Amino acid sequence: MQPKELLALAEEFGNPLYVYDASKIEFQYNRLANAFSKVEKLRINYAMKALSNISILKLINNLGAGLDTVSIQEVQLGLHAGFTPKNIIFTPNGVSFEEIEAVAKLGIQINIDNLSVLEHFGAKYPKTPVCIRINPHVMAGGNENISVGHIDSKFGISVHQLPHLLRIVENTKMHINGIHMHTGSDILDIEVFLYAAEILFDAAKHFKTLDFLDFGSGFKVPYKKGDIETNIEELGRKLSKRFLAFEKEYGRSLTLAFEPGKFLVSEAGFFLAKVNVVKQTTSTVFAGIDSGFNHLIRPMFYGSQHTIENISNPKGKERYYTVVGYICETDTFANNRRIAEIHEGDILCFKNAGAYCFSMASNYNSRYKPAEVLWKDGEGYVIRERETFDDILKNQILINL
Ligand SMILES: *Cc1c(COP(=O)(O)O)cnc(C)c1O
């Protein structure tokens, strides 16, 4: 999207504001689908925790994707947005047995990542197809919070526990129709991913009734100039070839599934915030915006470096700024970053604001969550209203004291 278009949206709908470019989501979806075009049955399940607005879900449903969910509320949102139960997979971690049961009763594919739950579920519902989340213990991922495949990770059933797992399946006669892995976000090295995939293929051989293999996600997208990104096309060539060979070996046709979040929506998102104050100290020039980690927590939570542009003065001479929020705690978006000269009242644009940005927003400091706008075919549609004071009061009770 052009700075001018974004600026016009900030003027029309106010700020702070999240804007999502529908064409970018579409582009990314097609890019992934094309990279695996040699695979006969490909399933792309959008990991909706990245961005869960129901209009975004509808857009992604229209593209032909399925949905990857981690809570029963996400399942309900997905159904509300028009996904059919058979196009939803439920991949929770550490949720109650009752929640898994309730989701399975909706006709949704469940994915179990714990031996005790597997045993309990298999004994009670031997006929319900179940996918198993394997932990291949391959270290991937950009940082510790999002690297979920390593040896002491809480996710998945360790591949070393395969004998125990197989005993449970044998004893309960339960129906295993898929196996899954998700090694974490931000895969830097395709070879690491392929290595983990080999472990999944090896595990798959032990199950005779599989319909699909799910390779999770973790595709890295560029956040700043010169950033490495997962080479999807190369991964597509290499993994497709290996998958087709495995299908032959396995003796039946299988679906290859992925569950990308960030890859589909990260670059489609822009976060727009106004500069309230420019503060020059003895060492630093701060640009303080009308937002904070209540609206965009990734820089503070993960150390993410979102590119920031001054769309009010895109041609201005670049200077060094430390961009901070208005929260009464240190909330630094960027340290000594070169940005086109900033004046109070300018609108700053944060790139890569599609994934894990609005979906992690809170009301900390009793601030309203921003509005969200979908940019489609040259027009901006409000897909979430800005909150009001009623939203802050909602569910609170003033008792007689
Ligand atoms: C979060 C998550 C994803 C999506 O990860 P991205 O890095 O956003 O692509 C996929 N699968 C599972 C099980 C997840 O928890």
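The values are calculated or read from the model by the stated rules, or taken from the named source; none is laboratory data. As the structure is a prediction and not an experimental result, all values here were calculated from the model. When we count neighbours, we look across all protein chains shown, and the Cβ atoms used for this are built from the backbone with ideal geometry, even at glycine.
Observations
- Residue match in the range 362-371 (condition: without any contact (Cβ under 8 Å) to a residue 24 or more places away in the chain and assigned to a helix (DSSP H, G or I)): no
- Set Leu200, Leu213: member being in contact with a strand residue (DSSP E or B) (Cβ under 8 Å, 6 or more places away or on another chain), of a type outside the set (D, E, K, R), surrounded by 15 or more Cβ atoms within 10 Å (Cβ to Cβ) and within 16 Å of Glu40 (Cβ to Cβ): Leu213
- Check on Phe263, assigned to a strand (DSSP E or B), of a type in the set (A, V, I, L, M, F, W, C), within 25 Å of Leu51 (Cα to Cα) and under 24 Å from the mean Cα position of the chain (by Cα): no
- The residue list Ile392, Ile342, Ile347 contains one member that is surrounded by 11 or more Cβ atoms within 10 Å (Cβ to Cβ), more than 25 Å from the chain's Cα centre (by Cα) and either closer than 27 Å to Ile25 by Cβ or among the basic types (Lys, Arg) (or both), which is Ile347.
- One residue from Ile157, Ile168, Ile132, Ile146 being touching a strand residue (DSSP E or B) at 6+ places or on another chain (Cβ under 8 Å), hydrophobic (A, V, I, L, M, F, W, C) and modelled with pLDDT of 95 or more: Ile132
- Only residues that are on the phi > 0 side of the Ramachandran plot and either surrounded by 14 or more Cβ atoms within 10 Å (Cβ to Cβ) or touching a Gly at 6+ places or on another chain (Cβ under 7 Å) (or both) were counted across the range 154-197, and they come to 3.
- The set of residues from the range 197-219 being closer than 24 Å to Met48 by Cα and out of contact with any Phe, Trp or Tyr (no Cβ under 8 Å at 6 or more places or on another chain) comprises Asp211, Phe212.
- Taking the listed residues Ser253, Ser266, the one that is more than 15 Å from the ligand (Cβ to nearest atom) and of a type in the set (S, T, N, Q) is Ser253, with no other qualifying.
- The number of residues in the range 194-239 being out of contact with any Lys or Arg (no Cβ under 9 Å at 6 or more places or on another chain) and not in a loop (DSSP other than H, G, I, E, B) comes to 12.
- Search result, residues across the range 301-328 that are polar (S, T, N, Q), more than 24 Å from the chain's Cα centre (by Cα), within 30 Å of Ser366 (Cα to Cα) and assigned to a loop (DSSP other than H, G, I, E, B): Ser312
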